Structures are given as C-alpha cells and as structure tokens.
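Working notes for the structure below.
What follows draws every value from the coordinates through simple rules; no lab data is involved. On a predicted model such as this, the values are computed, not experimentally measured, just so you know. Please note: Cβ atoms are built from the backbone with ideal geometry, for glycine as well, and neighbour counts cover all protein chains shown.
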Amino acid sequence: MTTLTFIKPDGEKTTVEATNGATVMEVAKENDMPMLAACGGSLACATCHVIVDEAWYEKSGEVCEAEEDLLDTAHGLTNTSRLCCQMKVSDDVDGMVMTLPPMG
Ligand code: FES
C-alpha cells in the first residue's frame with residue numbers, strides 16, 4: 001500500500017493510504033483534506049494546487065503545458081507546485097509529502 005502525507009495549511013500532518021492508479025487529488029478528497037478541486041480533475045481550475053516537498057518533486061511526474069499554464073494562476077505558486085489531479089499514485093511516490101496551500 002502506498003502512503004502519502006499531506007500537511008494542512010495549519011501545519012497538521014496527515015498520512016493516508018492511497019491506491020495505486022488513483023490521482024493524488026482523489027486521495028486528498030477521500031480523506032477530507034481542505035481542497036476544493038473544483039473542476040473534478042479535468043485540468044480546468046487550479047484549486048487542487050499542492051506544494052510538493054522538494055525531495056519528492058522529481059518523482060511527482062511530468063508537468064504538461066496545460067498544467068503549467070494553470071499553475072501560473074494558482075495562489076502562492078512555488079517551484080515545486082503541482083496540480084494534484086495530474087499526479088498519479090504509484091510505488092514511485094510512496095511516502096511523498098505535500099503541503100496544501102490555504103484555500104481561497
Ligand atoms: S481539480 Fe481542477 S485542475 Fe485539478
């Protein structure tokens with residue numbers, strides 16, 4: 001079983017189990033993380049923005065151009081920001097740590 005760790009805007013750390021093949025956004029929603037993910041994963045919002053821990057960024061996968069463009073609109077963009085509906089759960093990201101930016 002793969003695990004992912006989310007750090008909420010208030011600093012609380014939550015480690016959850018994730019099924020390979022799901023998107024990280026689906027895992028976050030299933031576990032009631034504070035995330036809007038307004039477009040449901042169709043790459044049409046930027047409200048599934050997460051800041052990937054630097055040590056994990058390389059493993060988080062390819063960033064396509066559409067994701068890059070949308071990320072530019074995300075609040076609090078960083079060099080390791082991702083839209084987590086575009087990240088797939090796999091053995092490669094077992095243990096990955098992400099910070100959730102404040103909503104809104
Ligand atoms: S949920 Fe809208 S872009 Fe990820």
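The residues listed here are 38, 74, 46; of these, the one that is over 13 Å from the mean Cα position of the chain (by Cα) and of a type outside the set (Ser, Thr, Tyr) is 38. Please enumerate the residues belonging to segment 48-63 that are surrounded by 12 or more Cβ atoms within 10 Å (Cβ to Cβ) and out of contact with any Cys (no Cβ under 7 Å at 6 or more places or on another chain). Of everything in segment 48-63, those that are surrounded by 12 or more Cβ atoms within 10 Å (Cβ to Cβ) and out of contact with any Cys (no Cβ under 7 Å at 6 or more places or on another chain) turn out to be 49, 51, 52, 53, 56, 57, 59, 60, 61, 63.
Can you spot a residue in segment 50-68 that is away from the ligand (no atom under 15 Å from the Cβ) and of a type in the set (Ser, Thr, Tyr)? Yes - at least one qualifying residue is present in segment 50-68. Aliphatic (A, V, I, L, M) and free of Cβ contacts under 8 Å to residues at least 60 places away in the same chain: does that describe residue 63? So residue 63 fits the description; yes.
Name the residues in segment 18-29 that are more than 6 Å from the ligand (Cβ to nearest atom) and within 13 Å of the chain's Cα centre (by Cα), would you? Lay out the reasoning, then the answer.
Let us first name the residues in segment 18-29 that are more than 6 Å from the ligand (Cβ to nearest atom), namely 18-24, 26-29.
18, 22, 23, 24, 26, 27, 28, 29 - these are the residues of segment 18-29 that are more than 6 Å from the ligand (Cβ to nearest atom) and within 13 Å of the chain's Cα centre (by Cα).
Does segment 12-32 include one or more residues that are among the basic types (Lys, Arg), part of a loop (DSSP other than H, G, I, E, B) and surrounded by 12 or more Cβ atoms within 10 Å (Cβ to Cβ)? Before the answer, list the steps.
Let us first name the residues in segment 12-32 that are among the basic types (Lys, Arg), namely 13, 29.
The next check asks that each one be part of a loop (DSSP other than H, G, I, E, B); those that pass are none.
No, the conditions are met nowhere in segment 12-32.
Taken over segment 14-38, the residue count meeting the criterion of being without any contact (Cβ under 8 Å) to a residue 40 or more places away in the chain and either under 18 Å from residue 53 (Cβ atoms) or among the hydrophobic types (A, V, I, L, M, F, W, C) (or both) is 5.
Looking at 80, 99, 3, which is the one that is in contact (Cβ under 8 Å) with a residue 24 or more places away in the chain, surrounded by 12 or more Cβ atoms within 10 Å (Cβ to Cβ), in contact with a helix residue (DSSP H, G or I) (Cβ under 7 Å, 6 or more places away or on another chain) and of a type in the set (Ser, Thr, Tyr)? I'd like the intermediate steps shown before the answer.
On the way: 99 fails: in contact with a helix residue (DSSP H, G or I) (Cβ under 7 Å, 6 or more places away or on another chain); 3 fails: in contact with a helix residue (DSSP H, G or I) (Cβ under 7 Å, 6 or more places away or on another chain).
Within the list 80, 99, 3, the selection yields 80.
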